[in-house]
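Report on the following structure.
What follows is calculated from the coordinates using simple rules that are stated; it is not laboratory data. Since the structure is predicted, the reported quantities are computational estimates derived from the model, not experimental observations. When we count neighbours, we look across all protein chains shown, and the Cβ atoms used for this are built from the backbone with ideal geometry, even at glycine.
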Ligand code: PMP
């Protein structure tokens, strides 16, 4: 039986993608070869890489606007340092909204001065700071659009003339934003795009080439751009599965359609969290993430009963992150409204039973 998968990442992907991706392991494009055994320089794989890059820019509305899409390795965590390596000359401004922002800040400090413009750490990152000042002389401003662990999401990005760098690992392709406001976007694939193993970087070429330090080739965006993401062997299979998922997003109506479905799922679960007297939401209401809903039982003595109910019914990955506790429903693009309804039904059943 297929489980209702609320895992925070790696996470659910479309079932049709799993099917097509598994077929390609046995025989890719009727070539008599598995996708796992072909050269990354083969015509068939180069076509996959080209299509994946093209789909990224198309879906984000960034075609012919000076952006390049790269599929790199090392996870979003490597981008924490690669961003600073390539863009930080003297000073950078960072908004601290959680564990991943904090890690990005730590790495950037190795390359120059980091100004933390605001932080919600004092409240265990349960809200998004607002009305902060970004120093005008910084090289760039960095933020995390969606805080996977705490379940908060930036709804309005600050207006600034500085280049904006954004970690969109856990909400890329999930909602419509004016992506052209950003100069560099990065995202580990393993949420809305594909399996773990590749990291998407979308960069406006004009922001590069401005730092004076020498950048090692593997850390250098310009090198990866000049080799079209083939400077070294890319994560062939992860890029292929990402390409299939991007095709799926496009075929379903693009980001706009994803957003509508995601909003319905979020309304359903948050509606129940707010209605049900046994539960309480973790994140400030106005900053609630549409991707990751974090919530707790008001009385933890009900935990055992509730956990048994959803686990026995084939729900997976609903446990909260250890730094928040409670529950986290990660509702990425491929998760159905019906799966969310299953959890809501159990929340109501618990209410009836206790
Ligand atoms: N940023 C965010 C927002 C994340 O959710 C994660 C992983 N969950 C990371 C960065 C780190 O990604 P990776 O494991 O690919 O390095």
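Most mobile of 233, 144, 280 per a Gaussian network model of the chain (Cα springs, under 10 Å)?
Result for the chain, Cα springs under 10 Å: 233 fluctuates most.
Mind telling me which of 148, 99, 199 comes out most flexible in a GNM of the chain, alpha-carbon contacts under 10 Å?
Comparing 148, 99, 199 in the GNM, the peak value goes to 99.
Express as a percent, rounded to the nearest 5, the fraction of DSSP beta bridges in the chain (both residues included) that run antiparallel.
Of those bridges, close to 55 percent are antiparallel.
Separation of region 107-124 and region 12-54 by C-alpha centroid, Å?
Cα centroid of region 107-124 versus Cα centroid of region 12-54: 40 Å apart.
Can you tell me how region 133-175 classifies by the Cα gyration tensor, rounded, prolate or oblate, using a/c under 1.5 as the rounded cut? Present the calculation step by step, with values, prior to reporting the outcome.
Working: a/c = 2.35, a/b = 2.17, b/c = 1.08.
Because a/c hits 1.5 or more and a/b exceeds b/c, region 133-175 counts as prolate.
Using only the Cα atoms of region 254-353, build the gyration tensor, take square roots of its eigenvalues as a ≥ b ≥ c, and label the shape rounded, prolate or oblate: rounded if a/c is under 1.5, else prolate if a/b is larger than b/c, else oblate.
Values: a/c = 1.75, a/b = 1.47, b/c = 1.20.
The shape class here is prolate.
Percent relative contact order of the chain, based on C-alpha pairs within less than 8 angstrom and at least six residues apart?
23
Please sort 201-210, 167-176 by packing, taking for each peptide the average over its residues of neighbouring beta carbons within 10 angstrom, highest first.
So the order, starting with the most tightly packed, is 167-176, 201-210.
Just check region 15-251 against the gyration tensor rule for me: Cα atoms, a ≥ b ≥ c as the square roots of the eigenvalues, rounded for a/c under 1.5, and otherwise prolate or oblate depending on whether a/b exceeds b/c.
prolate
Highest mean first, what order results for 84-93, 16-25 on Cβ atoms within 10 Å?
Numbers: 84-93: 21.8, 16-25: 15.1.
Peptide ranking by packing, descending: 84-93, 16-25.
Of the candidates 334, 52, 313, which one comes out as most mobile in a Gaussian network treatment of the chain with C-alpha springs shorter than 10 Å?
Looking only at 334, 52, 313, the biggest GNM fluctuation is shown by 313.
Nearest 500 deg cm²/dmol is fine: what mean residue ellipticity at 222 nm does the chain get from its DSSP H runs of n ≥ 4 alone, each adding -39,500 (n - 2.57), divided by its residue count?
Values: 9 runs with 123 residues, N = 354.
Estimated from H runs of four or more residues: -11000 deg cm²/dmol.
Using only Cα atoms, locate the centre of region 199-223 and the centre of region 276-354, then give the distance between them in Å, rounded to an integer.
Answer, in whole Å: 41.
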